[in-house]
Amino acid sequence: MLVMKFGGTSVGKPERMKKIAELLLSTPGKKIVVLSALSGTTNALVSIGDNLLLGQKAKAEETIATLETHYNTFVKELYGSESFQAIGQEIVSRFFIFIRLLAAGHFDNKGYRELLAQGELISTELFYQHLQERKISARLLPALYFMSIDENEEPELEKISVRLKPLVSSLNNIEIIITQGYICRNHRNEIDNLKRGGSDYTASLVGAAIQAEEIQIWTDIDGMHNNDPRIVKKTVPISELTFDEASELAYFGAKILHPSTIVPAQKMNVPVRLKNTMDEKAPGTIITSKGTEGSFKAIAAKDDITAINIRSSRMLMAYGFLRRVFEVFENYKTSIDMVTTSEVAVSLTIDNNTHLTAIENELKKFGVIEVYKDQTIICVVGNKITEQKGVLNKIFDSLSSIPVRMVCSGGSTNNVTVLVDKGNKAPALNALNEGLFGLK
Ligand code: ADP
Ligand code: ASP
Ligand code: MG
């Protein structure tokens with residue numbers, strides 16, 4: 001069985017949805033199809049939710065009305081017959097009644113998460129009806145029946161698998177099973193989500209849960225590129241990556257994949273293939289446990305990083321010091337990305353400032369604290385690159401004109417990370433593109 005995930009741009013226009021139906025028809029065998037919301041929808045729902053939390057109901061209603069018009073036009077173009085256009089209008093009107101109901105009542109974080117879920121719920125219903133109109137046999141399998149996260153917001157892979165396997169077997173004569181990406185239930189059984197870009201993660205969790213043959217992520221680009229195409233002009237697709245390489249790239253900001261996508265697939269050894277909906281003939285990228293060693297594969301960048309420096313001549317050499325520092329971060333559920341130490345100081349980075357003030361206050365008991373916001377981690381990835389000669393030379397030669405605040409190498413054999421001011425991100429990515437890949 002295949003898992004095929006289609007992202008926002010792949011379902012964002014009526015003709016693209018029709019194209020997905022063609023793709024499914026030309027792909028033999030049984031598949032679970034994971035769909036995102038139409039592009040722009042989750043952003044609009046976030047803006048509606050933010051306005052409602054601030055009590056700005058009129059502003060929220062403006063966005064709701066614009067979104068509703070967009071969906072009404074969408075269904076007019078998606079369905080050919082009058083009867084299916086009527087079905088489409090009914091779906092849209094039902095969803096927007098519900099959205100306005102949420103907006104009218106007492107709006108809290110629980111309502112916000114319910115609001116965010118509407119994007120994937122409506123896209124899957126619209127697509128299902130499109131297949132119905134074309135007499136393509138399919139079933140809708142609601143993600144809220146099987147997808148769950150625990151009290152630490154971690155997906156419950158075992159439980160997902162136990163729920164999903166019998167559901168899928170009970171549909172054994174159905175070739176196309178459609179489900180929602182992104183959405184799930186939390187430990188309070190409320191509607192929740194896997195964070196922005198989470199449909200990739202859904203696809204990987206589903207693929208791991210049923211031990212699929214392959215997880216395919218269909219998007220708007222021909223696979224993982226060697227650098228961020230939004231920032232660097234000349235980038236090239238990479239045909240093969242290991243799970244470790246892809247995982248580091250996703251975690252360190254390659255937007256094509258949600259940061260945690262690779263984890264479940266790697267756990268169950270299910271290959272992940274990245275494909276382009278706009279150019280299905282393009283080979284894309286295949287991600288497996290096997291790889292070629294020793295060359296630079298790609299560069300990714302992660303923004304909104306805060307660096308914290310703790311200087312403490314008294315304590316650093318004492319055993320147990322680092323444990324106590326790390327405990328502060330653990331108590332505030334804030335994960336650390338980079339760490340470097342010297343005899344008198346330790347520097348580390350976090351990507352979540354929610355508890356920064358409290359963390360800073362607690363760290364003050366260890367020594368002098370310096371905080372640098374608006375930093376960017378640049379991550380250079382390649383299977384076993386740190387075991388090769390001259391790798392650091394090449395990286396630092398490329399970055400010779402850019403100030404580097406921190407460097408980490410050796411923690412993993414697959415990557416070297418450096419920290420730069422956010423303003424130096426684009427120059428650093430371009431300089432590395434030229435220095436490591438000869439592309440400019
Ligand atoms: P979807 O809506 O299908 O989930 P996304 O917008 O989340 O699509 O991800 C695809 C986008 O990721 C591409 O259009 C590209 O701009 C961006 N991207 C960032 N880094 C990379 C990279 N290294 N390789 C490919 N795409 C990347
Ligand atoms: N619709 C969600 C988002 O925009 C999830 C996804 O597209 O992967 O973040
Ligand atoms: Mg995405």
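The values are calculated or read from the model by the stated rules, or taken from the named source; none is laboratory data. Bear in mind that the values here come from a model prediction, so they are computed numbers and not experimental data. FYI the Cβ positions are ideal-geometry reconstructions off the backbone, even for glycines, and counts take in every protein chain you see. Heavy atoms of the whole protein, side chains included, go into the accessibility calculation; ligands, DNA and RNA do not. Shrake-Rupley method; radii C 1.70, N 1.55, O 1.52, S 1.80 Å.
Between S239, N186, Q85, whose Cα lies farthest towards the positive end of the dipole of the chain when Lys and Arg beta carbons carry +1 and Asp and Glu beta carbons carry -1, centred on the Cα centre?
Farthest towards the positive pole: S239.
Taking a cut-off of 14 Å between Cα atoms, list the aspartates and glutamates near K59, but don't count ones fewer than 8 places away on the same chain.
D50
Considering only C-alpha atoms, what is the centroid distance from segment 346-381 to segment 271-325, in Å?
That distance is 18 Å.
With the chain treated as a Gaussian network of Cα nodes joined by springs under 10 Å, which of Q180, Q56, Q129 yields the largest mean-square fluctuation?
Sorting by GNM fluctuation, first place goes to Q56.
What does the C-alpha gyration tensor say about the overall shape of segment 2-220? Classify as rounded when a/c is under 1.5, otherwise prolate if a/b is larger than b/c, or oblate. It would help to have the intermediate numbers written out before the result.
On the way: a/c = 2.01, a/b = 1.17, b/c = 1.72.
Taking the square roots of the gyration eigenvalues as a ≥ b ≥ c, segment 2-220 is oblate.
Under 10 Å, Cα contacts only: if you run a Gaussian network model on the chain, which one of A138, A44, A86 comes out with the highest mean-square fluctuation?
A86
For a quick check: with amide H placed at 1.01 Å from N, whose amide H comes under 5 Å from M4's, ignoring anything fewer than 5 positions away on the same chain?
Those lying under 5 Å, H to H, from M4 are I32, V33, V34, Q216.
With +1 on each Lys and Arg Cβ and -1 on each Asp and Glu Cβ, how big is the dipole of segment 1-146 about its Cα centre, in debye rounded to the nearest 20? Could you put the intermediate results ahead of the total?
Working: 17 positive and 14 negative charges, 101 e Å.
Dipole size: approximately 480 debye.
Compare the Cα positions of A358, I377, A318 along the charge dipole of segment 312-377 (+1 at Cβ of Lys, Arg; -1 at Cβ of Asp, Glu; about the Cα centre) and return the one farthest towards the positive end.
A318
Run down the lysines and flag those whose C-alpha is under 20 Å from the C-alpha of K255, throwing out any fewer than 8 positions away in its chain.
K5, K195, K233, K234, K275, K297, K302, K422, K425
Of all DSSP beta bridges in the chain, what percent run antiparallel (nearest 5)?
60
Quote the charge dipole size of the chain about the Cα centre in Debye, to the nearest 20; the model charges only the Cβ of Lys and Arg (+1) and of Asp and Glu (-1). Provide the component values of the computation, followed by the final result.
On the way: 50 positive and 51 negative charges, 57 e Å.
The calculated dipole for the chain is roughly 280 debye.
From the phi angles alone, apply the Karplus equation (6.51, -1.76, 1.60; θ = phi - 60°) to segment 373-378 and give each ³J(HN,Hα) in whole Hz, x where the residue is Gly or Pro.
Using θ = phi - 60°, the values come out as 8, 6, 9, 10, 8, 10 Hz.
Using R₀ = 56 Å, calculate the FRET efficiency as 1/(1 + (r/R₀)^6) where r is the Cβ-Cβ separation of R311 and E90; round to 0.05.
Efficiency at R0 = 56 Å is approximately 0.30.
Any idea of the accessible area per residue across the chain, 1.4 Å probe, to the nearest Å²?
About 45 Å² of surface per residue is accessible.
Give the residue from G197, N109, I287 lying farthest towards the positive end of the charge dipole for the chain; charges sit on Cβ (+1 for Lys and Arg, -1 for Asp and Glu) and the dipole is referred to the Cα centre.
I287
Compute, for segment 340-399, the length of the dipole vector about the Cα centre, with Cβ point charges of +1 (Lys, Arg) and -1 (Asp, Glu) only. Units Debye, rounded to 20.
Computed about the Cα centre, the dipole is about 180 debye.
So how do 193-199, 105-111 stack up, highest first, on mean other-Cβ count within 10 Å?
So the order, starting with the most tightly packed, is 193-199, 105-111.
³J(HN,Hα) across segment 252-267 via Karplus (A = 6.51, B = -1.76, C = 1.60, θ = phi - 60°), whole Hz, x for Gly/Pro?
These are the phi-based 3J(HN,Hα) values: 9, x, 6, 5, 4, 10, 4, x, 9, 3, 6, 4, x, 4, 5, 4 Hz.
Along the Cα→Cβ direction, 7 angstrom out, place labels at E158 and Y145. What is the inter-label distance in nm?
So the label points at E158 and Y145 sit 2.4 nm apart.
Which lysines, if any, have their Cα less than 24 Å from the Cα of K76, not counting same-chain residues under 8 positions apart?
Candidates past the 8-residue exclusion: K13, K18, K19, K135.
Between D304 and S137, how many nm apart are label points set 7 Å from Cα along the C-beta direction?
My value for the distance between the label points is 4.6 nm.
Which of the helices in the chain meet the span-like rule: DSSP H, Cα axial reach of 24 Å or more, Kyte-Doolittle mean at least 0.5?
Length and hydropathy pass: 82-104.
Compute the projected area of the convex hull of the Cα atoms of the chain, averaged over all viewing directions, and report it in nm² to one decimal place. List each step's numbers first, then the result.
Details: hull surface 91.3 nm².
Computed as one quarter of the Cα hull surface, the answer is 22.8 nm².
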